[in-house]
Amino acid sequence: EAAMPKIVPFVNLDDADLVVDAIYEGGEAKHAGSDPLQKLLRVGNSGGFRMLGSARQGNVHLCVLFSQLANIDWPDRLSPETGVFRYYGDNKTPGSKLHSTPRLGNLFLRDTFARLHSGRRDLIPPILIFTKGPKGRDVVFRGLAIPGTGGGVQQEDLVAIWRTSKGERFQNYRALFSILDVPTVSRQWLKSCLEKTPNDSEAPRAW
């Protein structure tokens, strides 16, 4: 019999660890202040890319990738068997260039995969995957991720694809990430990352 998922109440988010498949509850208020990710990780309260730091300046210290897993046109997918997370960038409608989206998510993807392929893993921040929870603003933690799939095929882990909508052609990214075998991400390590002084001795071994 499957165990019930762990549920972390909104009031406890400030000092909670991140446990894979745990539900982090949103607040009761009917506004963005009820967003759990902001309280949990000090990131923005909307959008798919929620970064601590600036993608434009190349100093993102931590990035949350959030997905509703519900967009038919851009079907994000987490494969439980392989631990591969397929995530689409934030240029989902015509009107912006590939890297000029308002939240600069695609710029973050470009630079992160460039660092991966040039061997600068030390410059890649922790990437935390969350999906929509069962009710309201609740979210579910899916894992700590790294860019790429370890297969060594650079051409496939970040791909710019063309789409047409309302007669306009535009590009967006499809990115592949690997979820690490880290059942719990400790608050101690998260705290050091949030303070922009990541403590490697607190980091999960797989990281």
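The values are calculated or read from the model by the stated rules, or taken from the named source; none is laboratory data. Here the structure is a predicted model, which is why all the values come from computation and not from measurement. Every residue, glycine as well, gets a Cβ built from its backbone with ideal geometry; the counts of neighbours run over all protein chains shown. These area figures cover heavy atoms from the full protein model, side chains too; ligands, DNA and RNA do not enter into them. Shrake-Rupley method; radii C 1.70, N 1.55, O 1.52, S 1.80 Å.
The figures follow:
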quantity	calculated
Cα gyration tensor shape for segment 45-188, rounded if a/c is under 1.5, else prolate or oblate	rounded
Spin-label pair Ile161/Arg56, simplified geometry with 7 Å Cα→Cβ offset, distance in nm	3.0
Residue of Asp181, Asp35, Asp73 that the Gaussian network model of the chain assigns the largest fluctuation, springs spanning Cα pairs under 10 Å	Asp73
Highest-fluctuation residue, His99, His117, His31 considered, GNM on the chain with Cα pairs under 10 Å	His31
Portion, in percent, of the accessible area of segment 44-164 that falls on carbon or sulfur, probe 1.4 Å	49
Whichever lysines have a C-alpha closer than 22 Å to that of Lys191, once near sequence neighbours (fewer than 8 apart) are set aside	Lys6, Lys39
1.4 Å probe accessible area per residue over the chain, in Å²	53
Accessible area, probe 1.4 Å, largest first, for residues Val8, Val159	Val159, Val8
